[in-house]
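Engineer: Before I ask anything, let me first share the structure, which is written out below as structure tokens.
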Amino acid sequence: MKRLLILALALLWCSATWAVGISTLKGTVRCEGKGVANVVVTDGESFTTTDAKGRFALPSSDDNKLIYITVPAGYRVAAEQSVPQFWLKKEADKKSYDFALHRKAEDDTHHGFVVFADPQIWHQKEFPALREGMADIRRTVEGYEIPFHGICCGDVISYDHTFYPTYNEVAATSGLDIYSTPGNHDMTLYSRSHETSTRLWEETFGPVCYSFNVGKAHYVVLNDNFYIGRDYFYIGYLDEKQFAWLEKDLSYVEEGSTVFVVLHIPSTCEESDRKQFSYGNIANVMTNAPQLHRMLAPYNAHILSGHTHTTYNQIITEKLYEHVIPALSGAWWQGILCTDGTPRGYSVFEVDGDKVQWYYKSTDFKPDHQMTLYTEADSAGFAGQVVANVWAADENWKIEAQFDGGESQPMERFTAYDPGAQKMYADREKLDHPYVYPTPSDHFFRIVIPKGAKAVKVTATDPFGRSYQETLNLK
């Protein structure tokens, strides 16, 4: 009986081993026919690096369907309609997985990138507006003399995944290679579990967690949309497989380096969600974000996220900053303003070695349009005050007002609704989406109008010394 039990256990173990399956994938990474050494190769679980001749051997579980590389600094891969082709599908009879790199024409230590979020195409009629947004991005990038790439923080479409080819064709008109993460709308929903929710995304855009290097910066893309297997519901959550992958990925990155992490659902939107967990907020922020923040502690890190269609700029620690990027679509293509009054647009980053600067660019305005001024003529709640909506502001901005050319005075930060957004989205019956409504935000600044004042000039100065000004007649 004991021997039969041992035999049964052995057969069970063999069956489990066969069901999972481990095979060794071999291949090369070359540039112009020559092997490239020390390129990181992964299947989303296991890692290896290429040898001096660009060769690699990677033990890989059958559960992992893709094999891909971390594109090294100084190189790029071919792109299909703006989508970088840094991955290959695993095939049963494939003997060699070979990747081709192309050396960039110029040094990328000093480089830039454009990051946008939530294009969220719902209908074919929205593609012309998306094309205009991409044209604006292209014009912005052409004003620089450094290499650029693009980043999309998810929700490429609203629900129809057949729009992916058209979206990619339009995105390619930006002239950029665009690295993307899926949003909750990019998941395949109404199935029984999370594990199949990224199937259609992977067919077009590749893996949902991956990395690449540009100059001295390391970029990581993660998927923190977790489908709970019920209708269309999801939460913000980073699963253990990605945490384990990220831990290995960062082991190749020197501590103190600049790291950009791309998400869809923000890890945080305000200080209160970092202090206390809320069940009511589980679809708005990453529920297990503290673990991610701790993992990024050794680096100078920036988290890039979207999802909210509004602006949040959060200084989490001295070495960790989260940029919640407003929607490229504004309020789901219903108007040029996001629901907090931020104009639709994108952020522009410039990275020079370890130095990072950024600003927000509205697609419908010039780069120096960084605020809107209001008085009680726009909102009864602003009685006796001048109010500035400075959407890109954080704690390091200085917002000041001058009345009639007098002395500059600091303005007080507070939370408010944007009167422009309130007016634009007042009549929901005229909108395609009834869920569009104004939302409060904390990037408003106010000051009491002195008696008899005739004009005001508001100056907003960002942490990099750039000043933006708007004036308003008060009489």
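The values are calculated or read from the model by the stated rules, or taken from the named source; none is laboratory data. The model shown is predicted, which means the values in this text are computed figures rather than measured ones. Here the Cβ positions follow ideal geometry from the backbone for every residue, glycine too, while neighbour counts run over all protein chains shown. Each accessible area value is taken on the protein alone, full model and side chains, heavy atoms only, with ligands, DNA and RNA left out. Shrake-Rupley method; radii C 1.70, N 1.55, O 1.52, S 1.80 Å.
Engineer: D for region 293-452, whole µm²/s, Stokes-Einstein with Kirkwood Rh over alpha-carbon pairs at 37 °C and 0.692 mPa s: what number?
Structural biologist: Working: Rh = 17.1 Å.
Here the translational diffusion coefficient equals 192 µm²/s.
Engineer: I would also like to ask the following. Hey, can you grab everything whose amide H is under 5 Å from the amide H of residue 455? Only 5+ residues off in sequence or another chain; H modelled, so Pro and N-termini drop out.
Structural biologist: Excluding prolines and chain starts, which carry no amide H, the hits are 404, 474.
Engineer: Packing-wise, with mean Cβ within 10 Å as the measure, how do 57-63, 287-293 rank, highest first?
Structural biologist: Numbers: 57-63: 15.9, 287-293: 18.3.
Order by mean packing, descending: 287-293, 57-63.
Engineer: To the nearest 10 degrees, how steep is helix 2-20 against the longest Cα principal axis of the chain, on a 0 to 90 scale?
Structural biologist: Result, in degrees: 50.
Engineer: Is it possible to state the helix-based mean residue ellipticity at 222 nm for the chain, with each DSSP H run of 4+ residues giving -39500 (n - 2.57), the sum divided by total residues, to the nearest 500 deg cm²/dmol? What is it? Intermediate results must be reported in sequence, preceding the final value.
Structural biologist: Details: 8 runs with 79 residues, N = 475.
Value at 222 nm, helices only, nearest 500: -5000 deg cm²/dmol.
Engineer: In addition: Within region 203-284, list the GluC sites (Glu not before Pro) lying in a DSSP loop whose Cβ has at most 14 other Cβ atoms in a 10 Å radius. The partial results should precede the final answer.
Structural biologist: Numbers: sites: 203, 240, 247, 254, 255, 270, 271; in loops: 254, 255, 270.
Passing both the DSSP loop test and the Cβ count: 254, 255.
Engineer: Work out Dmax and Rg for region 30-146 from the C-alpha atoms and quote the Rg first, both in angstrom.
Structural biologist: Cα only, region 30-146: 18.0, 51 Å (Rg, Dmax).
Engineer: For residue 71, enumerate residues with amide H under 5 Å from its amide H, sequence gap 5+ or separate chain, H modeled in the peptide plane.
Structural biologist: Correct list: 213.
Engineer: Here is a further query. In region 160-223, carbon and sulfur make up what percent of the accessible area (probe 1.4 Å)? Don't jump to the answer; show the numbers that get you there.
Structural biologist: On the way: 1080 of 2130 Å².
Ligands and nucleic acids excluded, carbon and sulfur give 51 percent.
Engineer: Provide the percentage of antiparallel DSSP beta bridges, counting only those with both residues in the chain; round to the nearest 5. Please report the intermediate quantities before stating the final value.
Structural biologist: Details: 76 of 108 bridges.
The antiparallel fraction comes to roughly 70 percent.
Engineer: Okay, moving on. Could you please put 246, 88 in sequence from largest to smallest accessible area, using a 1.4 Å probe? Don't jump to the answer; show the numbers that get you there.
Structural biologist: On the way: 246 0, 88 50 Å².
The ranking, largest first, comes out as 88, 246.
Engineer: I'd like the Karplus ³J(HN,Hα) series for region 422-439: coefficients 6.51, -1.76, 1.60, θ = phi - 60°, whole numbers in Hz, and an x wherever there's a Gly or Pro.
Structural biologist: Residue by residue, region 422-439 yields 4, 5, 5, 10, 6, 9, 5, 5, 8, 9, 5, 10, x, 7, 7, 8, x, 10 Hz.
Engineer: For the chain, find the longest principal axis of its Cα atoms and tell me its angle to the long axis of helix 240-250, 0 to 90°, nearest 10.
Structural biologist: Approximately 90 degrees, to the nearest 10.
Engineer: With θ set to phi - 60°, apply the Karplus curve 6.51 cos²θ - 1.76 cosθ + 1.60 along region 63-68 and write out the HN-Hα couplings as whole Hz, x wherever there is a Gly or Pro.
Structural biologist: For region 63-68, the Karplus-derived couplings read 5, 8, 9, 10, 10, 8 Hz, x marking Gly and Pro.
Engineer: Can you pull out the trypsin sites (Lys or Arg not before Pro) in region 377-447 that DSSP calls coil and that have at most 12 other Cβ atoms within 10 Å? Present the calculation step by step, with values, prior to reporting the outcome.
Structural biologist: Working: sites: 398, 413, 423, 428, 430, 446; in loops: none.
Filter output for region 377-447: empty list.
Engineer: Chymotrypsin sites (Phe, Trp or Tyr not before Pro), restricted to region 221-288: which are DSSP loop and have at most 16 other Cβ atoms within 10 Å?
Structural biologist: Those that pass, being in a loop and sparsely packed, are 232, 233, 252, 277.
Engineer: For the chain, report the accessible area per residue in Å² (1.4 Å probe, heavy atoms, rounded to an integer).
Structural biologist: Working: 22140 Å² over 475 residues.
Accessible area per residue: 47 Å².
Engineer: What does the charge count near residue 155 come to, summing +1 for each Lys or Arg and -1 for each Asp or Glu among other residues with Cβ under 15 Å from its Cβ? Write down the numbers at each step before the final one.
Structural biologist: Numbers: positive: 344; negative: 118, 126, 160, 186, 224.
Neighbour charge sum, excluding residue 155 itself: -4.
Engineer: On to the next question. Counting only protein heavy atoms and using a 1.4 Å probe, what share of the accessible area of region 316-470 belongs to carbon plus sulfur, as a whole percent? The partial results should precede the final answer.
Structural biologist: Working: 3310 of 6910 Å².
That share works out to 48 percent.
Engineer: Over the chain, what is the relative contact order in percent, taking alpha-carbon pairs closer than 8 angstrom and at least six residues apart?
Structural biologist: Values: 1083 pairs, mean separation 51.3, N = 475.
Normalised by residue count, the contact order of the chain is 11 percent.
Engineer: Something else about it: Please list log₁₀ I(q)/I(0) at q = 0.14, 0.18 Å⁻¹ for region 336-430, using the Debye equation with identical point scatterers on the alpha-carbon positions.
Structural biologist: -0.65, -0.98
Engineer: For the chain, count the residues as N, evaluate 2.2 N^0.38 Å, and divide the Cα radius of gyration by that value, please.
Structural biologist: The chain yields a ratio of 1.07.
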